[in-house]
1. Taking only pairs six or more apart or across chains, which ones have beta-carbon atoms under 9 Å, a first residue in the range 22-35 that is within 13 Å of Leu4 (Cα to Cα), and a second residue that is part of a loop (DSSP other than H, G, I, E, B) and among the small types (Gly, Ala, Ser)?
2. Considering only the range 24-79, state which residues are small (Gly, Ala, Ser), at pLDDT 95 or above and more than 18 Å from Leu101 (Cβ to Cβ).
3. Could you go through the range 115-128 and let me know if any residue there is under 16 Å from the mean Cα position of the chain (by Cα) and among the aromatic types (Phe, Trp, Tyr).
4. List the residue pairs whose Cβ atoms are under 9 Å apart, where the first residue sits in the range 121-134 and is outside any helix (DSSP H, G or I), the second is surrounded by 19 or more Cβ atoms within 10 Å (Cβ to Cβ), and the two are 6 or more positions apart or on different chains.
5. Could you please let me know if Val98 is within 17 Å of the chain's Cα centre (by Cα), within 15 Å of Leu15 (Cα to Cα) and not in a helix (DSSP H, G or I)?
6. Against the conditions (1) over 18 Å from Ser19 (Cα atoms); (2) of a type in the set (A, V, I, L, M, F, W, C); (3) out of contact with any Leu (no Cβ under 9 Å at 6 or more places or on another chain), where does Ala82 fall short? Just the number, please.
7. Suppose the filter is of a type outside the set (Lys, Arg), surrounded by fewer than 17 Cβ atoms within 10 Å (Cβ to Cβ), closer than 21 Å to Phe50 by Cα and out of contact with any strand residue (DSSP E or B) (no Cβ under 7 Å at 6 or more places or on another chain); does Phe119 pass it?
Amino acid sequence: MRTLGVEITGSEALLCLLSKEEDVFDIRDIRQTRFTLGNIGQDTEAMRKFHFDFAKLVEDYKIDSIAIRQRAHKGKFAGSAAGFKMETAMQLIEGSDVKLLSSTEVKEQLKRNPVPVDFADTGLKKYQEQAFHNAYVYIMRKTYGHEEAEQAE
């Protein structure tokens, strides 16, 4: 199972590829750990390029699922228009299993199944930490069938 954890902040998508085979986690190197979109207001070509590049990354690394931290639609911590467009482009990738994870679900899963290694020992950059947690939580959910959080949504 290969899961791409995604954390969208502003106009950036931060990535971490995590796989699990026979109860062993593996953090995989990928050619691009972040995608940045500038002012994409009316720029259809920028969105098409983002969608193509992201879909190519998913295809090249044989990614099974994409786990994205859900952002608020309004309020102080609301996501940006660029972020929601990136999220939609990811959801439209043919054959991808894309899951939006609520912050509450991530916290509950991490409490139920703590990460077995200190983040500093993973070799990842600090900006990838939330993406790593998103991938980890989704894999744990798929592994142990913690679907009750999904049914409550």
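1. Ile27/Gly123
2. Within the range 24-79, Ala55 is the sole residue that qualifies.
3. yes
4. As it stands, the answer is Thr122/Cys16; Thr122/Gln128; Thr122/Phe132; Leu124/Cys16; Leu124/Ala131; Leu124/Phe132; Lys125/Leu14, since those pairs meet every condition given.
5. So Val98 fits the description; yes.
6. Among (1) over 18 Å from Ser19 (Cα atoms); (2) of a type in the set (A, V, I, L, M, F, W, C); (3) out of contact with any Leu (no Cβ under 9 Å at 6 or more places or on another chain), Ala82 violates only (3).
7. No.
Residue-by-condition table, conditions (1) under 22 Å from Asp23 (Cβ atoms); (2) surrounded by 14 or more Cβ atoms within 10 Å (Cβ to Cβ); (3) aliphatic (A, V, I, L, M); (4) in contact with a Gly (Cβ under 7 Å, 6 or more places away or on another chain):
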position	(1), (2), (3), (4)
Ala67	yes, yes, yes, yes
Met90	no, yes, yes, no
Ile93	no, yes, yes, no
Ser102	no, yes, no, no
Glu129	no, yes, no, no
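The values are calculated or read from the model by the stated rules, or taken from the named source; none is laboratory data. Values in this document were obtained by computation on a predicted structure and should not be read as measured data. Every residue, glycine as well, gets a Cβ built from its backbone with ideal geometry; the counts of neighbours run over all protein chains shown.
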